[in-house]
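Written out below as structure tokens is the structure these notes cover.
The values are calculated or read from the model by the stated rules, or taken from the named source; none is laboratory data. Remember, predicted model here, so these are calculated numbers, not experimental data. Methodologically, a virtual Cβ is constructed for each residue, glycine included, from the backbone with ideal geometry; neighbour enumeration extends over all protein chains shown. Calculation scope for accessible area: heavy atoms of the full protein, side chains included, ligands and nucleic acids excluded. Shrake-Rupley method; radii C 1.70, N 1.55, O 1.52, S 1.80 Å.
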Amino acid sequence: MNYKFYNLKGAIILKNEIRFKKLIQTALLAALCFVSFTYLQIKIPVPGGDATSLHIGNAFCVLAALLLGGWYGGIAGAIGMTIADLLDPVYILVAPKTFILKLCIGLITGLIAHRIAKIGDSNDKKYIFKWSLLASVGGLAFNVVADPVVGFFYKQYILGQPQDAATILAKLSAVTTFVNAVVSVILVVIIYNAIRPILKKSGLLLPVA
């Protein structure tokens, strides 16, 4: 009976330790999302006081999902990018849209990488590269479609923006979102496949439940 108790206690302690490490890594990646969007973006003004931008913030949302799983990755992207929006007068009103879309990017990436491909259980570099690429494309392809579409309806029906202005912003957003996605996919696949062996060797590549 004592052995069972101590085994159960040890399992609980280990589970809590992993959760704590995941929260730390989530916070770090949320900060990278915030910094990359806030300080490394190229803002493109749109008539009417709006703007769209070229940035790599989504790359760290996807990276978080590959490393930690869909929920943690989505939360990292949602928190980091939403805070960035809240601190920017141009984007503050679209912060709720940002939170939802970034959460979805993480969930979709995590679904493909960990639920379908189970890359965490593999040591095959080619297999991991292929599925990290497919998962990244899946998550960001969703954003390429959803960002301008959701943005159009959000601007017009929630914020009451004129249809012409919302349409112009949606079209420009579609272009910049596509460019962002292409750059982010290349960046995140390179980073993930480079740091994964290092994190695994150091014990920092945490299991994804």
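Summary of computed values
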| read-out | value |
| --- | --- |
| Of all residues in the stretch 131-177 being in contact with a Phe, Trp or Tyr (Cβ under 7 Å, 6 or more places away or on another chain) and hydrophobic (A, V, I, L, M, F, W, C), the one that is farthest from GLY77 (Cα to Cα) | ALA166 |
| Single residue of the stretch 187-209 satisfying the filter (small (Gly, Ala, Ser) and at pLDDT below 95) that is surrounded by the most Cβ atoms within 10 Å (Cβ to Cβ) | ALA209 |
| Failed criterion for LEU172 (all others in (1) under 18 Å from the mean Cα position of the chain (by Cα); (2) of a type outside the set (Gly, Ala, Ser); (3) part of a helix (DSSP H, G or I) hold) | (1) |
| Members of the stretch 111-140 found to be without any contact (Cβ under 8 Å) to a residue 60 or more places away in the chain, open to solvent by 50 Å² or more (accessible area, probe 1.4 Å) and among the hydrophobic types (A, V, I, L, M, F, W, C), listed by number | LEU111, ILE116, TRP131, LEU133, LEU134, VAL137 |
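Yes/no matrix, rows are residues, columns are (1) within 13 Å of the chain's Cα centre (by Cα); (2) at pLDDT below 95; (3) open to solvent by less than 40 Å² (accessible area, probe 1.4 Å); (4) within 20 Å of ALA65 (Cβ to Cβ):
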residue	(1), (2), (3), (4)
THR109	yes, no, yes, yes
ASN143	yes, no, yes, yes
GLY160	no, yes, no, no
ILE168	no, yes, no, no
THR177	no, no, yes, yes
VAL185	yes, no, yes, yes
